[in-house]
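The values are calculated or read from the model by the stated rules, or taken from the named source; none is laboratory data. Note that the structure is a prediction, hence the values are computed from the model and not measured. Cβ placement follows ideal geometry from the backbone for every residue including glycine, while neighbour counts extend to all protein chains displayed.
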Amino acid sequence: MRLLSQTGTFNPFDYVMRGEDMPLYKSELARDVELTNNIDRNTNLYMRWRSAQISDHQVKWAEFKMDW
């Protein structure tokens with residue numbers, strides 16, 4: 001009998017603080033880094049900054065079949 005049903009990882013940045021969410025966090029980001037008119041630079045700063053706000057480690061998960 002196979003006990004392990006499914007496994008995977010969960011990337012939090014697929015759901016919170018996504019790249020397209022940068023405008024929502026712009027005021028918080030501006031408190032910590034100096035933003036410019038260079039969109040590419042600001043995006044790079046945001047991507048690094050968000051890793052300091054929440055863990056960027058991917059959570060591993062597993063689902064087991066139980067027969068009690």
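Residues that are loosely packed, with under 10 Cβ neighbours inside 10 Å, assigned to a loop (DSSP other than H, G, I, E, B) and touching a helix residue (DSSP H, G or I) at 6+ places or on another chain (Cβ under 9 Å) within the range 49-68 comprise just one, SER55. Picking from residues in the range 6-56 that are closer than 30 Å to MET66 by Cβ and of a type in the set (Val, Ile, Thr), the one that is modelled with the highest pLDDT is THR9. Number of residues in the range 31-42 that are surrounded by 12 or more Cβ atoms within 10 Å (Cβ to Cβ) and part of a helix (DSSP H, G or I) equals 2. Screening LEU24 with (1) assigned to a loop (DSSP other than H, G, I, E, B); (2) loosely packed, with under 12 Cβ neighbours inside 10 Å; (3) among the aliphatic types (A, V, I, L, M) gives one miss only, at (1).
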